[in-house]
Amino acid sequence: MTKAPTIIGKRIRLRAHVMKDMDAFWDFYQSPRASHMDVPKNRAHLWYGFAAEVGSWALSGMGGWAIETDGALVGQVAITQPPHFPETEIGWILFDGFEGLGLANEAARLALEYTWTEIHPKSLVSYIDCKNTRSIALAKRLGAVEDPTAARYDDADVVYRHPRPQ
C-alpha cells in the first residue's frame, strides 16, 4: 500500500494526509494540548514527523490517517511501529475544540477494525504519557488494559494493550 486508505465512519472520515494538514499540526504542537508529547522543535522537524506518518504506508503498510468531520481536519489516528517502538502502536491526536464529542473514539475504533482485519500485527499497544488522563481514559473505553510489564520507549509512558478481537 502506498497511501492510507480512506475509511468512512458515521461522523468522520479517515483519509491520507495532504500537505495543507501540516499547518494544523504545527498549531497543535504549539498549544498546551501537546504537553504530553514530543514536540517538534521547528517546522523542519515537523516535516520529518509528518513525512514519516505518510511514508510509513509505503514502507510498512501502516501509518497515520487524518481525521475529518464535516470537512474539517480535527486530528490524527495512526498505526505505526517506527524502529524505536517495541511493538505496533495505535495513537491519536485531537485538535482543540473537538474533544468530548466522541470523535477520537470513533476514529480509533475504525483504525482498530482496519488494523485487526488488514494489518494483522502480532500485538497492539498505546504508549501514553502517564499524566495524559484523557488518552488513558480513551484507551480504557477501547478495551485496552494497562500492561506494566510491556517494554516502553519512553520512561514517562504507560502501556495499554489492545486485545485482539475474538
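The values are calculated or read from the model by the stated rules, or taken from the named source; none is laboratory data. For clarity, every value in this text was computed on a predicted model and none was experimentally measured. Every residue, glycine as well, gets a Cβ built from its backbone with ideal geometry; the counts of neighbours run over all protein chains shown.
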Within the range 111-166, tally of residues that are surrounded by fewer than 12 Cβ atoms within 10 Å (Cβ to Cβ) and polar (S, T, N, Q): 4
Being of a type in the set (S, T, Y) and in contact with a Lys or Arg (Cβ under 6 Å, 6 or more places away or on another chain) narrows T69, T115, T88 down to just T69
Going through the range 99-120 in order, the residues found to be among the small types (G, A, S) and more than 13 Å from the chain's Cα centre (by Cα) are G100, G102
When the residues of the range 119-141 are filtered to those that are in a loop (DSSP other than H, G, I, E, B) and in contact with a strand residue (DSSP E or B) (Cβ under 8 Å, 6 or more places away or on another chain), which remaining residue is farthest from L59 (Cα to Cα)? C130
Could you list, in sequence order, all residues of the range 67-98 that are farther than 16 Å from D21 by Cα and within 15 Å of the chain's Cα centre (by Cα)? I79, T80, Q81, P82, F85, E87, T88, E89, I90, G91
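Residue-wise test of (1) under 23 Å from E68 (Cα atoms); (2) at pLDDT 95 or above; (3) among the basic types (K, R).
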site: T115; (1), (2), (3): yes, yes, no
site: I136; (1), (2), (3): yes, yes, no
site: A144; (1), (2), (3): no, yes, no
site: P148; (1), (2), (3): no, yes, no
site: Y153; (1), (2), (3): no, no, no
Residues (touching a helix residue (DSSP H, G or I) at 6+ places or on another chain (Cβ under 7 Å), of a type in the set (A, V, I, L, M, F, W, C) and not in a strand (DSSP E or B)) located in the range 48-86: F50, M62
Of the residues H84, H45, which is more than 25 Å from G9 (Cα to Cα), surrounded by fewer than 19 Cβ atoms within 10 Å (Cβ to Cβ) and touching a Phe, Trp or Tyr at 6+ places or on another chain (Cβ under 6 Å)? H84
Are any residues in the range 87-113 assigned to a helix (DSSP H, G or I) and at pLDDT below 95, and if so, which ones? none
